[in-house]
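See structure below.
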Amino acid sequence: AQAHLDAIDRAKALNAYIVATPDRALKMADVSDEKIAKGEARPLEGLPLGIKDLFATQGVHTTAGSKILEGFEPHYESNVSTQLWRDGAVMLGKLNLDEFAMGSSNETSAYGKAISPWRRQGSDAPLVPGGSSGGSAAAVAAHLCLGATATDTGGSIRQPAAFTGTVGIKPTYGRCSRWGIIAYASSLDQAGPIARTVQDCAILLGSMAGHDPRDTTSVDLPVPDFEAAIARGVKGLTIGIPKEYRVEGMPAEIQRLWDQGADWLREAGATIKEISLPHTPYALPAYYIVAPAEASSNLARYDGVRYGLRVPGKDIAGMYENTRAAGFGREVKRRIMIGTYVLSAGYYDAYYVRAQKIRTLIKRDFEAAYASGIDAILTPATPSAAFGIGEMASADPVEMYLNDVFTVTVNMAGLPGISVPAGLDAQGLPLGLQLIGRPFDEETLFAAAQTIE
Ligand code: GLN
């Protein structure tokens, strides 16, 4: 724990942590030392972890990367982090993220951008670590923690993992409790780990997962031994390659990586089969209706009364307005406006209801593929390697949204997806491949990801 706290101090320039919690870390580490001395070590005893600052941590400033939560110290602890501490892990601090997890580059955080430890060959230009779990990915890649919690609403675990050469899994919707995680889009949000290896991810997910009656969408299923599943390999499995993911303008090196991944799986004994997921092209536009719609509703609670920031006004409505005007950043305001618009009386059927219908069609595409004997699906994780700080932020916001083209389908269908590092691009930056599984079959994903890793 001390070595990691020192590393965090030395790597302040990456801005991966919003706040480090050294006192808490050392206290927890002391308990771990005692447990180990007594021969009572728990499964994660003494392992130093970072927590995305979207998870409520009792008595520790929890910001969601937003000014509007300034001063908010929850009196409760998220279910996922509670389980990590139960198993002996040590908390190093709270990790940077895009404001309310809205973004793909960690550039929308009110606490400053997080920066990737990677650089293009021969260049000093800083790169984004991806988003929204950019702090989690940067911290894991830079060895500022052993592993981190993250959340994924439309790719926020898998895309930052791909950008930083780390492993990230978004489990099946319902696998981890959302209790105590600040909501972005509740029907899509899911917690998962980012770590440096498939095995580390499997171990961490085993602790984070499990039924919690306080989240009504948490599923009451036993948590499998994910770590043991890695050894199963892929012999006899059928892996689908969805042709619709061969999007226009995809760089040749991404296509090569994808082919390479398929070859590795084939050599390990899997059968590779081209499949069709015909509604894929509609996933991104539908996601950017459903997610803002839910966000606009979830974010209505930040009114200056219950949490964090309050900016006075001449009456109560004025106070709401001033608080929300000062507290939310540009991207969050954009999402609230889009969400409010698509849910409004005149447009609800045209946008929100249609997006929900598309969501069902996307889900059925996957169901049909799995019913035809496909065990998992292989795709690129992102359409490119990490981009430079500021390179996308100034452009049309839709450019940034396009980054999520391969990841949002998985959230729309509630399926598990893992991103695993698979190679480097011509400039020496990491690229990731994504494996998508059947509902509650994270085990196959760990086994297949290990083959690629
Ligand atoms: N980039 C996507 C968005 O901004 C995904 C975010 C996420 O998964 N939290 O909505």
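Using helices alone, I'd like the mean residue ellipticity at 222 nm for the chain: each DSSP H run of four-plus residues gives -39500 (n - 2.57), total over residue count, nearest 500.
It lands at -10500 deg cm²/dmol.
Between R256 and K357, how many nm apart are label points set 7 Å from Cα along the C-beta direction?
4.4 nm
State the Cα centre-to-centre distance between segment 116-146 and segment 6-42 in whole Å.
If you average the Cα positions of each part, the centres end up 21 Å apart.
For an R0 of 30 angstrom, estimate the FRET efficiency from the Cβ-Cβ distance between V31 and R232 and round to the nearest 0.05.
For R0 = 30 Å, the calculated efficiency reads 0.30.
From the residues A368, S132, I289, which one has its Cα farthest along the dipole of the chain in the positive direction, the dipole being from +1 and -1 charges on Cβ of Lys/Arg and Asp/Glu about the Cα centre?
Working it through, the farthest residue towards the positive pole turns out to be I289.
I'd like the antiparallel share, as a percent to the nearest 5, of DSSP beta bridges with both residues in the chain.
Around 65 percent antiparallel, to the nearest 5.
Separation between the A326 and H75 pseudo-spin-labels, each 7 Å from Cα along Cα→Cβ, expressed in nm?
Reported label-point gap for A326 and H75 is 2.5 nm.
Could you tell me the center-to-center distance, by alpha carbons, between segment 265-283 and segment 374-453 in angstrom?
14 Å
Is the shape of segment 356-453 best called rounded, prolate or oblate, per the rule: a/c under 1.5 gives rounded, else a/b larger than b/c gives prolate, else oblate, with a ≥ b ≥ c the square roots of the Cα gyration tensor eigenvalues?
oblate
With respect to the cross-link table entries K94/K357; K94/K314; K12/K333; K67/K363; K52/K333; K170/K357, which display a Cα-Cα separation exceeding 26 Å?
Pairs exceeding 26 Å: K94/K357; K94/K314; K12/K333; K67/K363.
Stretch K38-R301 to full length: gain in nm at 0.36 nm per residue minus the Cα-Cα span?
90.0 nm
log10 I(q)/I(0), Debye, Cα-only segment 78-187, no solvent, q = 0.11, 0.13, 0.23 Å⁻¹?
Those come out to -0.33, -0.46, -1.35, one per q.
Taking R0 as 22 Å, what FRET efficiency do you get between A345 and A317 from their Cβ-Cβ distance, rounded to the nearest 0.05?
With R0 = 22 Å, the Cβ-Cβ based efficiency is 0.55.
Take the chain, compute every pairwise Cα distance, and split them into 20 Å bins from 0; I just need the percent in each bin.
27, 60, 13, 0
For segment 16-23, just list the computed ³J(HN,Hα) in residue order, Karplus coefficients 6.51, -1.76 and 1.60, θ = phi - 60°, integers in Hz, with x standing in for Gly and Pro.
6, 9, 6, 8, 8, 10, x, 4
A short reminder: the numbers here are calculations on the coordinates, not readings from a lab. This one's a predicted model, so the numbers in the text were calculated from it and none came from an experiment. Heads up, the Cβs are rebuilt from the backbone with ideal geometry, glycines too, and the neighbour counts pull from every protein chain shown.
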